[in-house]
Each structure stands twice: as C-alpha cells, then as structure tokens.
Amino acid sequence: MKRFLRNVLATITGILVSGFILLILGIITVTGLITATEAETTVHKNSIFLLELKGNITERYQQNPIDRILGEEKTTCGLDDILNAIRKAKDNDNIKGIYMDAGAFNCQPASLQAIRNALTDFKDSGKFIIAYGGTYTQPSYYLASTADKIIVNPSGHILWHGLTAQTFFFKDLLKKAGIGMQIFRVGTYKSAVEPFTETEMSQANKEQTQAFIHSIWGQYLADISASRKLPKEHLDRLADQNMDFQPAEAYVKNGLADTLMYKDGVLDYLKSLTGTEDEKLAILTLDDMTNIKRNIPKGKSGNIIAVYYACGEIDNGTGMYNESIHSEEVITDLRELREDDAVKAVVLRVNSPGGSAYGSEQIWKEVSLLKERKPVVVSMGDYAASGGYYIACAADWIVAEPTTLTGSIGIFGMFPDISDLLNNKLGLHTDGVKTNRLADLGSINRPFNEEEKSLIQGMVNNGYELFTRRCADGRQMPIEELEKIAEGRVWTGEMAKGLNLVDELGGLEKAIQKAAEKSQTTEYTILSYPPKEDLLTGLLNTKPQRYIQSKALEAWGDYAYIFFWARNAANIDRLQARMPFVTDMK
C-alpha cells in the first residue's frame with residue numbers, strides 16, 4: 001500500500017512538474033513567435049506614416065502582454081512612442097509625409113500640445129501633412145490643424161463647441177448606502193473631496209476650473225488661428241454656434257476644412273503627392289515606426305542624460321497599466337542614478353495628479369539628494385499637481401507645457417463613516433471596552449468625536465505646512481508669497497509660469513536641452529528609465545487585478561479612477577496630496 005501511494009504521489013508530482021515545464025515552454029514559444037514578428041521595419045521609398053488619431057493617449061504605454069498574445073487591437077498609445085515616431089519620420093528620407101486619420105480620440109491638453117509641436121517641427125522640414133476624417137473630435141482637430149490640407153468626408157463632422165469640465169458627485173449615492181465621508185483639509189480650492197461631500201461644485205472650485213479651461217481654450221484658439229490663418233474671434237464664434245451638427249460644406253465655407261473627399265479619393269491624392277500613382281501606397285503604422293531603429297547620438301565620453309518617468313498616482317495603486325508611482329521603487333531608482341557617475345543630469349518627467357502625501361515627501365527627499373550631486377530638471381506632462389508638484393518642486397529647473405495642470409498645493413484626509421450602513425441598514429452592531437480614552441479612535445461603529453476631529457485636523461495642518469515649506473524652499477520664495485498661490489488651487493503651466501511655480505514653457509526636448517546645459521555636457525546619450533519590460537517579463541509580472549483594471553480604464557477612461565480609489569480606500573495613505581479626481585474636459 002505504501003509503495004502504491006508513493007507511486008501515485010510520484011506520478012502526480014511528475015504530471016505537475018511536466019505541466020509547469022510545458023507551460024513555461026509554451027510561454028517562451030509564444031513570446032518568440034511574437035518577437036519574431038517585431039523585427040526592424042523596412043522603410044521603402046516614398047513611404048507615408050499613418051498617424052491614426054483614435055483611442056486614448058497615456059504618457060508611456062506598454063501594451064498588455066496578454067492583449068499582444070491574443071492579438072487584441074490597441075486602444076491606448078504612448079505619448080513617447082508617438083513623439084519618437086514623428087521624429088523618425090522627419091529624419092528618414094524615404095518617408096515623404098504624414099497622413100492623419102482622425103477618429104474617436106481622447107488625449108489630455110498637454111500631451112496634445114507636445115504632439116502638435118512635433119508635427120509642426122516635422123512640417124518645417126518641408127514634408128507634407130494631410131488630415132482626413134469622418135468625425136474630428138476637438139483634440140484630433142487641434143492636431144489636424146497643422147496639416148497642409150484638412151479633408152472631411154462629405155458626410156462627416158468636425159466637433160467644435162468649446163471646452164467644458166465635468167465631474168461626478170457621489171454624496172447622495174453614498175447616503176443611500178448609509179456611508180458618510182469625514183473630511184479634513186487645508187486649502188480653499190482643494191476640491192478633490194467634493195465628489196464625496198457635495199452635489200455640485202463649490203464656488204471656489206468653479207472659479208479655478210473656469211480659469212484653467214479658459215487658459216487651455218485660449219491655447220487652442222491661438223495655435224489653430226496661427227495654422228489655419230483664421231482670427232481667434234472667428235474660431236470662438238464658430239464654437240458658440242456648436243459646429244458639431246453642421247453639414248460638411250459648412251466646415252469648408254467657414255475655413256475649418258479645405259475640401260471634401262471620400263477615402264478612395266484621399267488615397268489617390270496621397271499617391272499623387274508621393275508620385276506613386278501606379279503603385280501601392282507604402283504606409284507605415286505606429287507599430288511599424290516603433291520598430292525602426294532611431295540613430296540616437298552616443299557620445300564617446302559615455303555621458304548619459306537620464307530621463308526618468310514618474311507617471312500615475314503616488315502609492316495609491318489606481319493608475320493605468322504600468323503607470324503608477326510606487327515611492328519605494330522611485331527612491332531606489334533615483335538613488336542608483338545619483339550614484340552612477342556616467343549620469344551627468346536627470347530629467348524627471350512628471351505626469352501625476354498626486355496621491356499619498358507620505359510617498360510624495362519620500363520622493364521629494366530623494367530628488368533633493370539627487371540635486372546635490374547633479375542637475376535635476378523637471379518636465380511636466382498633462383499633470384504635475386499636488387503630490388505631482390511636491391516631487392517636482394525641489395528640482396533645479398521646471399519646464400511645463402502651457403496646458404499642463406499643476407499647482408494644487410494642498411492636503412486632505414478623508415475617512416468613511418459607515419456606522420449608518422452597519423447599524424441601521426444591515427442591523428450590525430459592535431460593542432467593546434478600552435484602556436484609554438481615545439483607544440477606539442477610528443472605530444467603524446461611530447463617527448469621530450470633536451476631540452478626534454481636532455487631532456486629525458492638526459495632522460492635516462502639519463502636512464500642509466510641510467508641503468508649502470518644501471515648495472517655498474524649492475522655488476526660493478517667501479512662504480507668505482507661496483501661500484497666496486497655494487490653497488489647493490490648480491493652475492495651467494501658462495498661469496504657473498507667471499506665478500514662479502515653473503521656470504519655462506515647453507516639452508521634454510526643451511527639458512533635456514536644459515539638463516545638458518546645466519551639467520555642461522555637450523556629448524551625451526539619452527536613456528529612459530525605468531526600462532520598458534520585454535514581452536516575457538511583462539507576461540510573468542501580469543496580475544489578474546492589474547489586467548482587469550487596465551481593461552476598465554480603457555473602457556471608462558478617467559472616470560474609472562474614482563471607483564478604483566474607493567475600492568482601495570482602506571489601503572490608501574490617510575493624507576492625500578491630490579488634485580480633483582475627475583476633470584473630464586470635452
């Protein structure tokens with residue numbers, strides 16, 4: 001009997017081991033097959049780069065490995081990949097132009113400006129840009145306005161109506177569930193808590209939101225006016241009329257578009273531009289462009305300008321796939337850059353609405369230590385607000401896009417009170433004893449009393465005092481001056497420059513140039529950190545929760561963040577340095 005059981009167990013063990021080995025071999029085989037299809041792209045003469053304006057744009061995207069294996073269509077693209085593709089297209093003599101195909105496209109204003117500036121630079125090289133679409137969203141039209149010719153389908157539309165900023169409010173929903181939120185904050189404009197405590201925007205929040213969407217809209221009008229040779233007032237009047245539902249002929253008549261064509265006519269037109277009327281168009285997609293090696297100048301000196309990406313929420317775990325800022329990981333990475341003598345300067349690319357105040361302070365400390373050894377230049381993306389500004393303020397120099405959302409220097413704490421849900425709706429009750437008067441602070445069966453509220457508000461006040469002191473020291477401003485522009489208020493990069501919160505307007509390239517200048521480095525290699533994962537590593541590191549979260553974010557966009565925040569509320573740091581949860585601008 002013992003021998004029989006031993007043989008059975010050995011057989012089961014063998015099956016499990018064999019299955020595991022086959023699984024690993026299968027993964028490696030699939031990885032090899034996919035990698036083999038990603039060989040370097042061959043660029044034929046008279047090629048065109050097809051820039052599809054569809055889906056979502058995030059700072060630095062790596063497609064989920066499961067999606068790659070299953071052949072799922074990409075619905076998200078990385079800003080870094082798009083910018084690199086445009087630069088490659090500019091530098092490659094075989095690529096004659098860019099064909100923008102507009103569709104459902106969602107992109108934040110600062111990323112839009114970065115892409116638009118790259119397109120303008122491409123066009124300055126003498127190559128053509130042609131835009132075509134059945135429906136241009138406002139973001140896609142903003143980019144398309146750089147084109148030599150904007151073409152609309154005869155049954156198509158250009159969405160042009162101005163900007164609006166919307167948010168959801170959950171107070172009444174939570175009330176029905178028997179949940180209340182206990183709020184502790186500093187900053188008149190610190191509105192991140194409002195979705196849980198109000199049913200509409202406060203006057204202070206309306207004031208700041210109105211100011212920054214007008215600033216962004218002004219940028220749109222100025223840029224499109226310069227490209228299309230149309231007065232800003234004319235563009236504004238068209239938005240007042242809401243051009244979304246106008247016939248296609250109206251867009252040509254009003255100067256928003258140049259001509260109407262069906263897609264077959266557009267393709268024939270592209271052939272005429274490339275001199276390939278009797279040939280098949282050689283079209284390169286974004287994936288094709290990603291697989292073209294770019295000649296990055298590598299100095300013999302071995303000097304490195306490091307670009308470190310800090311993207312997503314800080315220690316909240318609610319960011320996009322592969323886009324969350326884990327303070328411990330960032331600290332370790334920055335320490336390695338600090339100790340690497342080959343790294344002459346660091347560009348910290350910040351695209352974050354903030355998050356944990358504690359995590360932000362830890363990163364601030366490491367940035368300060370890094371600055372003692374070598375120059376640190378911050379490049380702000382779509383957001384560098386609240387905790388995102390916290391980790392940026394210690395830098396030697398700050399560069400922001402005019403439409404970057406930044407500032408939001410404020411702190412809040414938010415604690416759910418579920419006593420009504422437990423006691424009255426579910427009929428659950430608790431009781432107990434304690435040794436000290438406040439030993440049960442935070443008990444789920446009752447709200448905070450006044451003494452407890454005072455303690456927590458004091459903690460929030462201390463956090464705000466530390467935050468403002470860090471910002472004042474970093475920007476070399478008197479604390480009194482800093483406090484006037486703090487209070488949790490959100491500013492655009494354009495506004496922030498006038499307030500001395502940023503030093504210069506521009507994108508990542510300008511920040512890299514500044515880092516080289518400050519480090520007095522003329523010959524260097526640009527390297528990005530942390531490195532992107534290869535397919536096998538990404539597959540092995542993929543967790544079911546992260547995969548589901550990434551699919552939800554692709555489907556719901558920024559609205560998903562608030563649900564993920566609520567789901568992770570128990571694990572989120574008590575003090576938050578974060579800008580408003582949802583600022584959906586359309």
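Highest first, please rank the peptides 405-412, 138-145, 451-458, 349-356 by the mean number of other Cβ atoms sitting within 10 Å of their residues. All intermediate terms of the calculation are to be shown ahead of the outcome.
Details: 405-412: 30.1, 138-145: 24.6, 451-458: 14.0, 349-356: 28.4.
The peptides rank, most packed first, as 405-412, 349-356, 138-145, 451-458.
In terms of Cα to Cα distance under 22 Å, which lysines are near enough to Lys453, apart from those fewer than 8 places away along the same chain?
Lys171, Lys175, Lys190, Lys434
Report the full-extension gain for the segment Lys371 to Glu504: residue separation times 0.36 nm, less the Cα-Cα distance, to one decimal in nm. Mind showing how you got there, number by number?
Values: separation 133, 0.36 × 133 = 47.88 nm, distance 1.87 nm.
Additional length available on full extension: 46.0 nm.
Among Pro478, Gln362, Gly407, which residue has its Cα furthest toward the positive end of the charge dipole of segment 362-504, with +1 on Lys/Arg Cβ and -1 on Asp/Glu Cβ?
Working it through, the farthest residue towards the positive pole turns out to be Gln362.
Among all the lysines, which ones have a C-alpha under 22 Å from Lys293's C-alpha, if same-chain residues fewer than 8 places away are not counted?
Of all the lysines, those that pass the test against Lys293 - Cα under 22 Å, at least 8 places apart if same chain - are Lys45, Lys74, Lys88, Lys90, Lys96, Lys123, Lys127, Lys532.
Sorted by mean Cβ packing within 10 Å, highest first, what order do the peptides 92-101, 238-247 take? Could the numbers behind the result be given before it?
Numbers: 92-101: 19.3, 238-247: 14.7.
For the peptides 92-101, 238-247, the packing ranking is 92-101, 238-247.
What distance in nm separates the simple spin-label points at Glu328 and Ser125, each placed 7 Å from Cα in the Cβ direction?
The modelled label-to-label distance comes out at 4.4 nm.
Of Glu329, Glu465, how do they rank once you tally other Cβ atoms within 10 Å and put the fewest first?
Working: Glu329 11, Glu465 14.
Arranged by neighbour count, lowest to highest, Glu329, Glu465 become Glu329, Glu465.
Counting other beta carbons within 10 Å of each Cβ, put Ile130, Ile391, Ile48 in order, fewest first.
Working: Ile130 21, Ile391 32, Ile48 24.
Listing Ile130, Ile391, Ile48 from fewest to most nearby Cβ atoms yields Ile130, Ile48, Ile391.
For a quick check: sort Phe415, Phe49 by the number of other beta carbons within 10 angstrom, fewest at the front. Write out the running numbers ahead of the final one.
On the way: Phe415 17, Phe49 27.
Result, fewest neighbours first: Phe415, Phe49.
Ranked highest first by the average count of other Cβ atoms within 10 Å around their residues, in what order do 82-90, 478-486 fall? Don't jump to the answer; show the numbers that get you there.
Numbers: 82-90: 20.7, 478-486: 15.3.
Answer by packing, highest mean first, reads 82-90, 478-486.
Check cross-link reach from Lys371 to the aspartates and glutamates: straight Cα distance under 16 Å, and skip same-chain residues fewer than eight apart.
Leaving aside aspartates and glutamates fewer than 8 places away in the same chain, those within reach of Lys371 are Asp333, Glu336, Glu339, Asp340, Asp341, Glu361, Asp396, Asp473, Glu517.
Provide the gained length on full extension for the span Leu455 to Glu52, in nm with one decimal, where the gain is 0.36 nm per separating residue minus the Cα-Cα distance.
Details: separation 403, 0.36 × 403 = 145.08 nm, distance 5.35 nm.
Length gained, Leu455 through Glu52: 139.7 nm.
Read the figures in this text as sums done on the coordinates, not as results from a lab. Note that the coordinates shown come from a computational prediction; the quantities given were computed from them, not determined experimentally. Ideal geometry is used to build each Cβ from the backbone, glycine not excepted, and the neighbour counts take in all protein chains shown.
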